[in-house]
Amino acid sequence: MSETIIRYPSSVFARSRLLQLAEGMKGRRIVVYGDIVADRFIYGTPKRISREAPVLILRQYRDDVLLGAAGNAINNIFSLGGVPIPVSILGDDPQGQQLVDAMAGQGIDCSAVLRATRYKTPTKVRILGGMPHASRQQIVRYDIEDHCDLTGAEASRIEAALREQVTSCDAGLISDYGYGVVTQALAAALTRAANGKAITLDSRYNLLAYPGVTAATPNEEEAAAAAGTSLFNGDDSEQRLKQVGETLQKALGCGALLVTRGSRGMALFEGETRAPVFIPVYGTDQVADVTGAGDTVIAAFTLALAAGASFAEAATIANYAGGIVVMKMGTATVSHDELHKAIERDEALSE
């Protein structure tokens with residue numbers, strides 16, 4: 001393994017090349033296989049302190065249900081100009097219907113999204129307080145969780161959908177949040193059927209269960225957990241991350257591992273012959289909300305690969321997208337226009 005670390009300032013990339021890739025992301029078809037979650041945001045204005053307990057009482061004025069997890073990746077692919085093809089299972093419940101309606105309302109083909117009456121659509125509920133036109137603070141979050149144990153018939157239908165859809169798509173994305181929709185067997189079937197097309201992976205709890213993907217995009221905590229080590233706190237953090245990244249990239253047998261590091265940017269690993277690349281964060285390190293940022297990163301990264309980007313170019317584009325979305329509140333997306341403007345305005349880029 002190489003003992004050096006390379007830092008990629010954006011100046012090593014040509015603006016014209018990144019703009020060409022951003023334009024090339026438009027219309028790229030991406031099959032998205034994963035756990036679709038309902039991200040529910042309940043907003044209230046402060047009313048008073050309860051007489052029964054020392055807790056704040058809010059008067060609700062807004063209730064949003066947004067696409068989360070794989071659904072957020074789907075939304076970001078769409079907003080960046082791509083064509084997402086979701087393959088998943090949702091509960092046959094109001095939350096599941098809201099998510100299907102949200103996708104279908106944008107013209108997204110939901111024919112490969114199955115519904116199961118025994119399964120409750122996972123829902124992450126966030127309670128936020130503040131005045132309607134002021135900054136809102138998240139007060140508490142609670143999760144409504146279920147696990148989808150696929151039946152043989154459901155697994156067969158999903159496998160058939162994955163095989164069929166990937167033949168007409170430019171790339172694939174696996175988003176595993178641990179709710180049971182993603183299995184090793186079905187992920188492997190997608191990877192085999194891709195026939196060399198890029199398949200990217202975001203797995204919250206089981207990263208090493210999906211060898212053979214083209215690239216994976218864990219955050220630092222997920223990468224550390226997969227390697228069986230602790231988080232990185234101290235002067236040797238980059239060297240320790242380097243060891244973890246190289247180990248995971250080799251264990252997965254993937255072309256690249258892109259580790260997201262929050263305010264410290266990203267780290268890209270591309271095998272034994274190339275030194276790790278540390279990419280500084282785009283924009284400010286003072287973020288507004290990191291909700292769903294990883295979904296945005298993998299969406300942009302996958303679209304860029306589908307458009308012909310190298311791993312380093314795709315990581316750079318994903319870094320722009322991630323830097324933009326963390327400045328927005330809630331489960332947000334990045335538009336193609338925002339990405340285009342970020343590239344145009346980056347004065348560090350070479351011409």
Check the range 227-244 and report whether any residue there is within 20 Å of the chain's Cα centre (by Cα) and over 17 Å from Val166 (Cβ atoms).
no
Helices (runs of 4 or more DSSP H) contained entirely in the range 160-277, each with at least 2 residues that are touching a residue at least 40 places away in the same chain (Cβ under 8 Å)
184-193, 237-252
Per the filter on the range 86-142, residues within 17 Å of Gly34 (Cβ to Cβ) and of a type in the set (Phe, Trp, Tyr) are Tyr119
Among the residues of the range 1-40, how many are assigned to a strand (DSSP E or B) and modelled with pLDDT of 95 or more?
11
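Quick grid of which residues meet (1) basic (Lys, Arg); (2) over 22 Å from Gln138 (Cβ atoms); (3) not in a strand (DSSP E or B):
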site: Gln60; (1), (2), (3): no, no, no
site: Val65; (1), (2), (3): no, no, no
site: Gly71; (1), (2), (3): no, no, yes
site: Ile74; (1), (2), (3): no, yes, yes
site: Gln98; (1), (2), (3): no, no, yes
site: Met103; (1), (2), (3): no, yes, yes
site: Asp109; (1), (2), (3): no, yes, yes
Filter result (farther than 15 Å from Gly71 by Cβ, of a type in the set (Gly, Ala, Ser) and surrounded by 10 or more Cβ atoms within 10 Å (Cβ to Cβ)) within the range 110-136
Ser111, Ala116, Gly129, Gly130
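Might you let me know whether the range 167-180 holds any residue that is within 24 Å of Ile77 (Cβ to Cβ), among the aliphatic types (A, V, I, L, M) and more than 20 Å from the chain's Cα centre (by Cα)? Show your work before the answer.
Narrowing the range 167-180 to residues within 24 Å of Ile77 (Cβ to Cβ): 167-180.
If we keep only those that are among the aliphatic types (A, V, I, L, M) as well, we get 171, 173-174.
Subset that is more than 20 Å from the chain's Cα centre (by Cα): none.
No, because not a single residue in the range 167-180 is within 24 Å of Ile77 (Cβ to Cβ), among the aliphatic types (A, V, I, L, M) and more than 20 Å from the chain's Cα centre (by Cα).
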Residue satisfying all of: in the range 76-96; among the small types (Gly, Ala, Ser) and assigned to a strand (DSSP E or B); farthest from Ile174 (Cα to Cα) among these:
Gly91
Kindly list the number of the only condition in (1) in a strand (DSSP E or B); (2) under 30 Å from Ala161 (Cα atoms); (3) not charged (D, E, K, R) that fails for Tyr43.
(2)
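The values are calculated or read from the model by the stated rules, or taken from the named source; none is laboratory data. The structure displayed is predicted, hence computed values, not measured ones. Cβ: placed from backbone, ideal geometry, glycine included. Neighbour counts: every protein chain shown.
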